[in-house]
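The values are calculated or read from the model by the stated rules, or taken from the named source; none is laboratory data. Note that this is a predicted model, so its numbers are computed, not measured. Every residue, glycine among them, receives a Cβ derived from its backbone with ideal geometry; neighbour counts consider all protein chains shown.
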(Lines give C-alpha, C1' and ligand atoms only; values in the text may rest on other atoms or scores of the structure.)
Protein backbone atom coordinates (compact mmCIF):
# COMPACT_ATOMS: atom_id res chain seq x y z
CA UNK A 1 0.00 0.00 0.00
CA UNK A 2 1.26 3.47 -0.88
CA UNK A 3 0.81 6.41 1.46
CA UNK A 4 2.25 9.56 -0.10
CA UNK A 5 5.96 8.89 -0.52
CA UNK A 6 5.88 5.85 1.78
CA UNK A 7 5.15 2.27 0.82
CA UNK A 8 5.60 -1.29 1.99
CA UNK A 9 8.62 -3.05 0.52
CA UNK A 10 7.89 -6.68 1.40
CA UNK A 11 11.15 -8.13 0.12
CA UNK A 12 14.58 -8.52 1.66
CA UNK A 13 17.70 -6.68 0.56
CA UNK A 14 18.99 -10.00 -0.79
CA UNK A 15 15.86 -10.46 -2.90
CA UNK A 16 16.07 -6.87 -4.13
CA UNK A 17 19.74 -7.35 -5.02
CA UNK A 18 18.97 -10.55 -6.88
CA UNK A 19 16.18 -8.82 -8.81
CA UNK A 20 18.57 -6.05 -9.84
CA UNK A 21 21.50 -8.35 -10.61
CA UNK A 22 23.61 -6.99 -7.74
CA UNK A 23 25.40 -8.65 -4.88
CA UNK A 24 23.84 -8.39 -1.44
CA UNK A 25 26.87 -6.42 -0.25
CA UNK A 26 26.53 -3.89 -3.08
CA UNK A 27 22.77 -3.53 -2.49
CA UNK A 28 23.41 -2.82 1.18
CA UNK A 29 26.01 -0.18 0.29
CA UNK A 30 23.63 1.49 -2.16
CA UNK A 31 20.85 1.62 0.44
CA UNK A 32 23.27 3.00 3.03
CA UNK A 33 24.40 5.70 0.58
CA UNK A 34 20.78 6.67 -0.16
CA UNK A 35 20.14 6.92 3.58
CA UNK A 36 23.27 9.01 4.19
CA UNK A 37 22.22 11.41 1.44
CA UNK A 38 18.79 11.74 3.10
CA UNK A 39 17.03 10.45 -0.02
CA UNK A 40 15.24 7.52 1.63
CA UNK A 41 14.54 5.86 4.94
CA UNK A 42 14.09 2.11 5.08
CA UNK A 43 12.81 0.81 8.37
CA UNK A 44 11.89 -2.83 8.44
CA UNK A 45 9.77 -3.30 5.35
CA UNK A 46 8.69 0.34 5.00
CA UNK A 47 10.42 2.59 2.45
CA UNK A 48 9.98 6.36 2.52
CA UNK A 49 11.23 8.56 -0.31
CA UNK A 50 12.39 11.75 1.41
CA UNK A 51 13.36 13.77 -1.65
CA UNK A 52 11.84 12.49 -4.89
CA UNK A 53 13.50 15.08 -7.15
CA UNK A 54 17.01 14.43 -5.80
CA UNK A 55 16.44 10.66 -5.87
CA UNK A 56 15.25 10.85 -9.48
CA UNK A 57 18.29 12.94 -10.36
CA UNK A 58 20.71 10.62 -8.56
CA UNK A 59 19.26 7.62 -10.36
CA UNK A 60 19.06 9.36 -13.75
CA UNK A 61 15.37 8.43 -13.76
CA UNK A 62 13.55 9.27 -16.98
CA UNK A 63 9.78 8.79 -17.02
CA UNK A 64 9.51 8.94 -20.83
CA UNK A 65 9.06 5.18 -21.13
CA UNK A 66 5.92 5.41 -18.99
CA UNK A 67 4.13 7.38 -21.71
CA UNK A 68 2.53 9.61 -19.09
CA UNK A 69 1.23 12.01 -21.72
CA UNK A 70 -1.03 9.33 -23.22
CA UNK A 71 -4.53 8.62 -22.00
CA UNK A 72 -6.28 5.38 -21.28
CA UNK A 73 -9.08 4.44 -23.64
CA UNK A 74 -11.71 5.73 -21.19
CA UNK A 75 -10.58 9.38 -21.33
CA UNK A 76 -9.03 9.39 -17.86
CA UNK A 77 -5.44 10.43 -17.28
CA UNK A 78 -3.03 7.52 -17.04
CA UNK A 79 -2.87 5.84 -13.67
CA UNK A 80 0.79 6.80 -13.38
CA UNK A 81 0.24 10.54 -13.89
CA UNK A 82 0.55 11.24 -10.14
CA UNK A 83 4.25 10.35 -10.46
CA UNK A 84 4.73 13.72 -12.11
CA UNK A 85 2.78 15.62 -9.47
CA UNK A 86 4.89 16.06 -6.36
CA UNK A 87 3.52 17.38 -3.10
CA UNK A 88 5.44 20.41 -1.93
Across (1) part of a helix (DSSP H, G or I); (2) surrounded by 14 or more Cβ atoms within 10 Å (Cβ to Cβ); (3) in contact with a strand residue (DSSP E or B) (Cβ under 9 Å, 6 or more places away or on another chain), residue 27 clears everything bar (3)
A careful count of residues in the stretch 1-15 that are surrounded by 15 or more Cβ atoms within 10 Å (Cβ to Cβ) and touching a helix residue (DSSP H, G or I) at 6+ places or on another chain (Cβ under 6 Å) gives 1
- prompt: Restricting attention to the stretch 54-76, does a residue exist that is outside any loop (DSSP other than H, G, I, E, B), touching a helix residue (DSSP H, G or I) at 6+ places or on another chain (Cβ under 7 Å), surrounded by 10 or more Cβ atoms within 10 Å (Cβ to Cβ) and at pLDDT 90 or above?
  reply: no
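On the basis of being modelled with pLDDT under 90, surrounded by 14 or more Cβ atoms within 10 Å (Cβ to Cβ) and in a loop (DSSP other than H, G, I, E, B), does residue 83 make the cut?
It is false that residue 83 is modelled with pLDDT under 90, surrounded by 14 or more Cβ atoms within 10 Å (Cβ to Cβ) and in a loop (DSSP other than H, G, I, E, B).
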